[in-house]
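Visitor: Here you go, one structure.
The values are calculated or read from the model by the stated rules, or taken from the named source; none is laboratory data. Because the structure is a prediction, the values reported are computed rather than measured. Neighbour counts are summed over all protein chains in view; Cβ atoms, including those assigned to glycine, are modelled from backbone coordinates with ideal geometry. Side chains are part of the model used for accessible areas, which takes the heavy atoms of the whole protein and leaves out ligands, DNA and RNA. Shrake-Rupley method; radii C 1.70, N 1.55, O 1.52, S 1.80 Å.
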Amino acid sequence: MENIDLIIYLCLVLPIIPVIFAIKERKSKLLLIFLLIGITISLVAAQFNNTLINILNYNVLEYSKTLAPLLEELLKLIPLLLFIVGFKKKDDDIILLAFSIGIGFAIYENILILVTNMDNVSILWALTRGIGAAFMHSICTATITIGFRYVEINKKYFSMGILGLYSIAVLFHGTFNTLIDSNYMIISLIMPLLLYILGNRLYNKK
């Protein structure tokens, strides 16, 4: 189907926009806005990915394990850093917004993969993408956000710290993409879920 990526994007985004205007509570409004940002970044990433695959003549599966994590984590990182620097939000708020970007990214990505690979999906695939991919994208984005506060304190190591945090996110993302296209797909479901549970417990204890 022509323009399927844009069709999916409009179907997801248009119903959410009126809700954003209707909500009065600021934090809830921001969460929805950043959910839309995540969906939009996912659309942009898909366009970049398709272009690079064609230019570099890459196999789609190999690309998803190597170059895709580099591009996608960079695109997710940019709006968060701009928001942190511009508004100096406190840690609790920005961590939730980081998770919202990751969830939005995963929602669009999962639907796009679903409609373009209908013959190769299953219940296990749906569980893995619906839970594993959502938590993976959110954990990667939140990790960079949490770490940003630490490297921001020590300006001397700021650039090195951001690069290190970005590298961790890319490594985790690439590992997930490798596992989900292997015989060990179940691990790509369990690994992000366990990390989310652990991180959530630590967050609530704080």
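Visitor: From the set of residues in region 190-206 that are in contact with a helix residue (DSSP H, G or I) (Cβ under 9 Å, 6 or more places away or on another chain) and over 13 Å from residue 139 (Cα atoms), which is surrounded by the fewest Cβ atoms within 10 Å (Cβ to Cβ)?
Guide: Once the filter is applied, the top-ranked residue is 206.
Visitor: For region 1-45, which residues satisfy the criterion of being open to solvent by less than 50 Å² (accessible area, probe 1.4 Å) and aromatic (Phe, Trp, Tyr)?
Guide: Result: 9, 34.
Visitor: Then there is this: Kindly provide the set of residues from region 63-74 that are surrounded by 18 or more Cβ atoms within 10 Å (Cβ to Cβ) and either closer than 18 Å to residue 143 by Cα or touching a Cys at 6+ places or on another chain (Cβ under 8 Å) (or both), ordered by number.
Guide: Scanning region 63-74 gives 69, 72, 73.
Visitor: Within region 75-113, which residues are open to solvent by 10 Å² or more (accessible area, probe 1.4 Å), aliphatic (A, V, I, L, M) and under 14 Å from residue 46 (Cα atoms)?
Guide: If the condition is that a residue be open to solvent by 10 Å² or more (accessible area, probe 1.4 Å), aliphatic (A, V, I, L, M) and under 14 Å from residue 46 (Cα atoms), then 75, 107, 111, 112, 113 are the ones that fit.
Visitor: For residues in region 139-168 being aliphatic (A, V, I, L, M) and open to solvent by less than 20 Å² (accessible area, probe 1.4 Å), which is nearest to residue 188 (Cα to Cα)?
Guide: Across region 139-168, the extreme among qualifying residues is 142.
Visitor: Looking only at region 45-94, which residues are aromatic (Phe, Trp, Tyr) and assigned to a helix (DSSP H, G or I)?
Guide: Those that are aromatic (Phe, Trp, Tyr) and assigned to a helix (DSSP H, G or I): 48, 63, 83, 87.
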